[in-house]
């Protein structure tokens, strides 16, 4: 062959040993000698690898790993956490449908639901998530989805999933649970009746602030195949390199979750005793409104939590500038400790009434505790709070 052709057709070695790391299949397409498996791979998710929008070996390794961790049948990896949310909402809802959702949802999920409601004449009923009769009474013939979060962003609210999911299933309603804050190490919602579990893998599963991605895990293979077809057409899938980064992070998840959990307890305890802090909303504390419900099916609390500064909105803005070790940044679940002011950032889409319904105050600060030494984090919080008004 001419050099012009040789540089295009590079041989792919086939090893006779097993790599310790999942190989990165950074390819858009796969070639065939036979047209039949090519055609078959375009029609079903478990066919041959044909085109990476349909399936890719690296992406499939991530999907199978997370599906197994969650106790699900199969999974679809997406380009972001909101990509997973949007894929499920667009796939499962039709014009005129009804959704039941807990009040305390991630702001982006709130925004997506409102936009779909305006566009497709959907109706949404928001519930506390603690009262099974509230959900039972909210179900209508057009109810399609019950949408919950294991541990809500940022207030730590937990819905009574084991009590609510059977009510939804009896009515033919799909229960979707965002399990980003708990991770499958601390809770497996499918074990408690969820039909679909989703994650922003950008957070704990990736764990190093270097990847953006999402994933939806399905308890039932039939529902997975239905949504897979939509994912292919919508182009919601993730790319192989993002999947590879997530797989690398996933291997240290147990170690990181153990350190996150210990650090969160230390930091929450310090803040609860500080005179400039009006309230700490940490699900692991007995005084949290969801503590009893959450501890009945969640095995620990590594998730971000929030606290309210006595000085209100201006105190919230000022505090963000006072930390030194802790970083002001969105996201969570990485190695570094991060803070933000929800009313002006992650939940800026909510009006005053919606913020109150979500238990977010003007001086609320969300803190996502990382894996640093807890003494350094507490020292930083102490100096940052110095001079703030007492409660």
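The values are calculated or read from the model by the stated rules, or taken from the named source; none is laboratory data. Worth saying up front: this structure is predicted, and the values here are computed from it rather than measured. So basically every Cβ, Gly included, is an ideal-geometry build from the backbone, and we count neighbours across all protein chains shown.
Table for the structure above
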| item | result |
| --- | --- |
| Qualifying residue in the range 27-49 (condition: in the same structural domain as residue 182 (by TED's automatic domain parsing), modelled with pLDDT of 95 or more, in contact with a strand residue (DSSP E or B) (Cβ under 7 Å, 6 or more places away or on another chain) and over 30 Å from residue 356 (Cβ atoms)) | no |
| Of residues in the range 138-185 being under 17 Å from residue 216 (Cα atoms) and part of a helix (DSSP H, G or I), the one farthest from the chain's Cα centre (by Cα) | 185 |
| Residue list for the range 270-298, filter: closer than 21 Å to residue 182 by Cβ, surrounded by fewer than 16 Cβ atoms within 10 Å (Cβ to Cβ) and without any contact (Cβ under 8 Å) to a residue 12 or more places away in the chain | 286, 287, 292 |
| Tally, over the range 159-180, of residues that are in contact with a strand residue (DSSP E or B) (Cβ under 8 Å, 6 or more places away or on another chain) and under 14 Å from residue 297 (Cα atoms) | 6 |
| Among (1) assigned to a strand (DSSP E or B); (2) at positive phi - the single one residue 197 does not satisfy | (2) |
| Residue satisfying condition, being under 30 Å from residue 249 (Cα atoms), surrounded by fewer than 19 Cβ atoms within 10 Å (Cβ to Cβ) and touching a residue at least 12 places away in the same chain (Cβ under 8 Å), within set 67, 75, 95, 111 | 111 |
| The range 227-261, residues that are in contact with a helix residue (DSSP H, G or I) (Cβ under 7 Å, 6 or more places away or on another chain) and surrounded by fewer than 17 Cβ atoms within 10 Å (Cβ to Cβ) | 230, 234, 254 |
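Table: residues versus (1) under 19 Å from the mean Cα position of the chain (by Cα); (2) in a loop (DSSP other than H, G, I, E, B); (3) at pLDDT 90 or above; (4) surrounded by fewer than 16 Cβ atoms within 10 Å (Cβ to Cβ).
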| position | (1), (2), (3), (4) |
| --- | --- |
| 321 | no, no, yes, yes |
| 325 | no, yes, yes, no |
| 333 | yes, yes, yes, no |
| 339 | yes, no, yes, no |
| 343 | no, no, no, no |
| 349 | yes, yes, no, yes |
| 355 | no, no, no, no |
| 362 | no, yes, no, no |
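Here is a yes/no grid of residues against (1) in a loop (DSSP other than H, G, I, E, B); (2) over 21 Å from residue 184 (Cβ atoms); (3) more than 21 Å from the chain's Cα centre (by Cα):
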| position | (1), (2), (3) |
| --- | --- |
| 32 | yes, yes, yes |
| 36 | no, yes, yes |
| 53 | yes, yes, yes |
| 68 | no, no, no |
